[in-house]
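Comments concern the structure below.
Each reported figure results from applying straightforward, stated rules to the coordinates on display, with no laboratory input. Not measured: the values here are computed from a predicted model. Cβ atoms come from the backbone with ideal geometry, glycine included; neighbour counts cover every protein chain shown.
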Amino acid sequence: MRTVRLSLCLALALAAGAARAAPPKVSDGVVKIGVLTDMSGYYSDLAGAGSVLAARMAVEDFGGKVLGLPIEVVSADHQNKADVASNQARKWFDEEKVDAVADLVSSSTALAVMPVATEKKRVTLLSGPGTTAITGERCTPYNFHWTYNNWAMANGTGREVVKQGGDSWFFVTADYVFGKSLESDTADVVKKAGGKVLGNARHPSPGTTDFSSYLLQAQSSGAKIIGLANAGADTVNCVKQAEEFGITPKQSLAGLLVFISDIHSLGLKASKGLYLTTAFYWDRDDASRKWAQRFFEKHKKMPTMVHAGVYSAVTHYLQAVKAAGTDDAEAVAKKMKETPVDDFFGKGKIGPDGLFRHDMYLARVKSPEASKKPWDYYDIVKTIPAAEAFPTAEMQAAAGCKLK
């Protein structure tokens, strides 16, 4: 009997020791998601507070807990500055124990935060930035590029405009990594489709409000198409000033990264007929309408594709935490890549490079007469299948991504 008791005590002691040695399922007893976005600048309308709301909606719809522990959302303004973004991310990781960072609108801030997240083994969920380098030469094992990239926008809009006869281009480009990447990708598409590029004019961003000199350079080039390789307020100001200078009756504008918030600011009179490529449109089907109406009730604006992408990415991340049984970045990233995505935003798979490949949509802006209700802005001209919409994993590997 004494031997049995000793054996039982030993077994209990070993079990208790193992329990003490086992790492917790969730670090610090909470899954914390940081939304790092532009809260006050040029991209605040297409991302900003709406991205924070989308993340909070995802957490709320998930039930507010995962693995029996709370989910918390924090947010900060990166001011569109790479150093501010990287410093904030490092502070979050070191001091506030943030597990994942979402949104990161603007390519420069995303590329600044990704290596910090890799060093600290934390997940990044990118909805706002566009450069293909994110899943190419700058790819990381814990990063996910969710909503769109410049390759998808260039192929969607650039190829279609050339088909419509717009075979000579001049670019007005935001002079930083995103704009240069978008111009380069679109120029390649235009040339492959049989068109030609006559030149470019690059403007500082953010901060430029007078685009007259850049637009006059575009006008003097004689190009049929002025490609706007910028976003947010830059695109809105370019379109408005092109109309004021009388450029648009003679030359056509192609918005290479246009959001529904831009069309809302411009109005249908100024933007009618504009072709654009989008990952999400609120009025596309019953599922998108249902979610968008809920978002609108809280935000008083319809969601952009960035907002919808934040919701989708955060939801998939939480599902992976649940499936992995931990918030460990390596385990969660593995589950995210193994599990197909199927929600109101899109259906598809995540490649080894972290790129979520899903259908994209070529849209054309309606005329004021064709719009039948508030925010009824787009006609969906064509669905671009995922296989055509995004670069393949092999292409990204050739560009420098070594992840498998």
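Of note:
- For the chain, hydrophobic long helices are taken as DSSP H runs at least 30 Å long by C-alpha position along their axis with mean Kyte-Doolittle hydropathy of 1.0 or more; none is present.
- Contact order, relative form, for the stretch 179-325: 16 percent (alpha carbon pairs under 8 Å, 6 or more residues apart, mean separation divided by residue count).
- Along its principal axes, the chain has C-alpha extents of 99, 43, 35 angstrom, given from the largest down.
- Cut-off 13 Å between beta-carbons: net charge of the residues surrounding residue 211, Lys and Arg +1, Asp and Glu -1: -3
- Taken along the Cα-to-beta-carbon direction at a fixed 7 Å, the label points for residue 94 and residue 40 span 2.3 nm.
- Dividing the C-alpha radius of gyration of the stretch 203-327 by 2.2 N^0.38 Å, with N its residue count, gives 1.34.
- Nearest-20 debye value, the chain charge dipole, Cβ charges on Lys, Arg, Asp, Glu: 820 debye
- Highest average packing first - 205-218, 316-329, Cβ atoms within 10 Å: 316-329, 205-218
- Residue 294-residue 60 pseudo-label distance in nm [points 7 Å out on the Cα-to-Cβ vector]: 0.9 nm
- Shape of the stretch 304-404, Cα gyration tensor, a/c cut at 1.5: oblate
- Kirkwood hydrodynamic radius of the stretch 33-101, from inverse mean 1/r over distinct Cα pairs, in Å: 12.6 Å
- Value of [θ]222 nm, deg cm²/dmol, for the chain, DSSP H segments ≥ 4, -39500 (n - 2.57) each, nearest 500: -12500 deg cm²/dmol
- Projecting the Cα atoms of 212, 174, 189 onto the charge dipole of the stretch 141-272 (Cβ charges, centred on the Cα centre) puts 189 farthest toward the positive pole.
- Of the peptides 364-371, 97-104, the order by per-residue mean of other Cβ atoms within 10 Å, starting with the highest, comes out as 97-104, 364-371.
- Listed by chain and number, the aspartates and glutamates whose alpha-carbon sits under 16 Å from that of residue 335, ignoring those within fewer than 8 places in the same chain, are 99, 327, 353.
- More than 23 angstrom apart: percent of Cα pairs within the stretch 134-230: 29 percent
- Distance violations [Cα-Cα > 22 Å] among 272/382; 192/272; 250/366; 32/404; 300/373; 163/224: 192/272; 32/404
- The simple Förster model, with R0 at 41 Å and r as the Cβ-Cβ distance, assigns residue 244 and residue 382 a FRET efficiency of 0.85.
- Close amide H partners of residue 359, meaning residues 5 or more places away or on another chain with modelled amide H under 5 Å apart, are 347, 386.
- Sequence-separation-based contact order of the stretch 292-404, relative, with Cα cut under 8 Å and 6+ spacing, percent: 17 percent
- Fully extended contour minus Cα-Cα distance, from residue 347 to residue 398, at 0.36 nm per residue: 15.8 nm
- Using the Cβ-Cβ distance between residue 269 and residue 301 with R0 = 22 Å, the FRET efficiency computed as 1/(1 + (r/R0)^6) comes to roughly 0.65.
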